[in-house]
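Heads up, the thing below is written out as structure tokens.
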Amino acid sequence: MAEAGAPWPGRGAQALGPGGTADPAGLVAAARDGDPRALARLVSLVENGSPRLREIMKLIAPLTGQARIIGLTGAPGVGKSTVTGALVRVYRGEGLRVGVLAVDPTSPFSQALRILDAAGFDVIMIATLGVGQAEVAIASLADSTLVIVAPGMGDSVQAAKAGILEIADIFVVNKSDRPGAQEAVRDLRTMLAMAGYGPGEWKPPIVSATAVRGEGIDDLVGRLQAHGAWLGESGERDRRRLARASEEISAIAVAALRERIGVLPGESQLEDLAGQVAAGKLDPYAAADELIGG
Ligand code: GDP
């Protein structure tokens with residue numbers, strides 16, 4: 001997990017207690033009081049799969065579900081960091097606590113997200129480091145997803161290809177100071193018109209921005225607010241949160257199962273079964289049943 005404008009002072013911050021054995025309840029309380037070291041410690045415990053992970057997750061469960069989660073996706077260089085920075089300034093200016101997570105799809109970011117949520121952040125922004133499958137994963141974690149494009153990079157077409165058109169709650173055409181911005185807006189409009197939206201459905205608005213100059217950011221904040229209101233009224237927020245929770249459960253269960261298979265009577269059993277399947281003596285379903293004891 002990388003950090004951008006992270007609310008804590010760095011990874012692997014030292015433990016608070018002697019010998020690195022800070023008590024999770026104390027850490028959670030301190031993090032809620034705004035102690036960045038406690039927050040850093042909790043995030044690193046979670047990211048490093050600490051033996052206390054379960055204890056921490058249990059402790060924070062009743063504290064989660066308060067934060068507004070905003071996802072930002074788009075090709076490298078379109079201005080995700082710049083837009084994030086501009087939004088952070090606006091929200092902080094309103095007195096809100098804002099956390100930023102930059103996501104590497106291989107890291108257990110949904111758990112770091114829970115920590116920030118439980119620590120009392122009002123807004124959590126999560127940005128991806130690329131375009132592709134990770135965007136879809138992020139969309140399932142965010143309440144509102146911004147798809148950012150910039151003119152002259154063919155991103156809008158690329159976005160459609162990567163399937164992220166479907167996950168956009170708001171489009172941002174950034175770098176509107178550059179030639180081609182109008183065309184990018186027009187392309188997106190055409191795509192949205194073809195998609196067709198029914199009454200009561202959220203039709204993603206298109207916001208033109210020049211994030212380096214802070215232009216279009218107020219409009220974006222307004223659109224985010226409108227989307228937040230729609231999420232509540234339509235019941236979509238609850239649906240998204242249920243989907244997020246069930247994805248988390250399956251991911252944890254699958255990981256646990258993999259681990260269990262790995263430590264079962266031995267990998268030699270897998271090797272043995274593989275030999276039988278390769279030789280056509282056993283079918284792979286029967287072999288899998290045998291492996292998991294089904
Ligand atoms: P990211 O890779 O998507 O996070 O993109 P960054 O936010 O790092 O921006 C990439 C580059 O584009 C940086 O040099 C920014 O200063 C620049 N940039 C961001 N927003 C704008 C904008 O509105 N107009 C112009 N011309 N450049 C911008």
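Read the figures in this text as sums done on the coordinates, not as results from a lab. Computed from a predicted structure; not experimentally measured. So basically every Cβ, Gly included, is an ideal-geometry build from the backbone, and we count neighbours across all protein chains shown.
Laid out as a table, the results:
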read-out: Neighbourhood net charge (11 Å Cβ-Cβ; Lys/Arg +1, Asp/Glu -1) for Glu236; value: -1
read-out: Loop GluC sites (Glu not before Pro), the stretch 45-119 (other Cβ atoms within 10 Å of the site Cβ: 13 or fewer; DSSP); value: Glu94
read-out: Radius 14 Å from Cβ of Asp122, net charge of other residues (Lys, Arg +1; Asp, Glu -1); value: +1
read-out: Chain lengthening between Thr64 and Ala286 when straightened (0.36 nm per residue, less Cα-Cα); value: 75.8 nm
read-out: Protection-proxy order for peptides 167-178, 184-195, 271-282, each taking the mean of Cβ atoms within 10 Å per residue, highest first; value: 167-178, 184-195, 271-282
read-out: Order of Ile60, Ile292 under a 10 Å beta carbon neighbour criterion, fewest first; value: Ile292, Ile60
read-out: Range of Cα positions in the stretch 241-293 per principal axis (Å), largest first; value: 46, 20, 15
read-out: Pair Gln269, Arg189: separation of 7 Å Cα→Cβ label points (nm); value: 6.3 nm
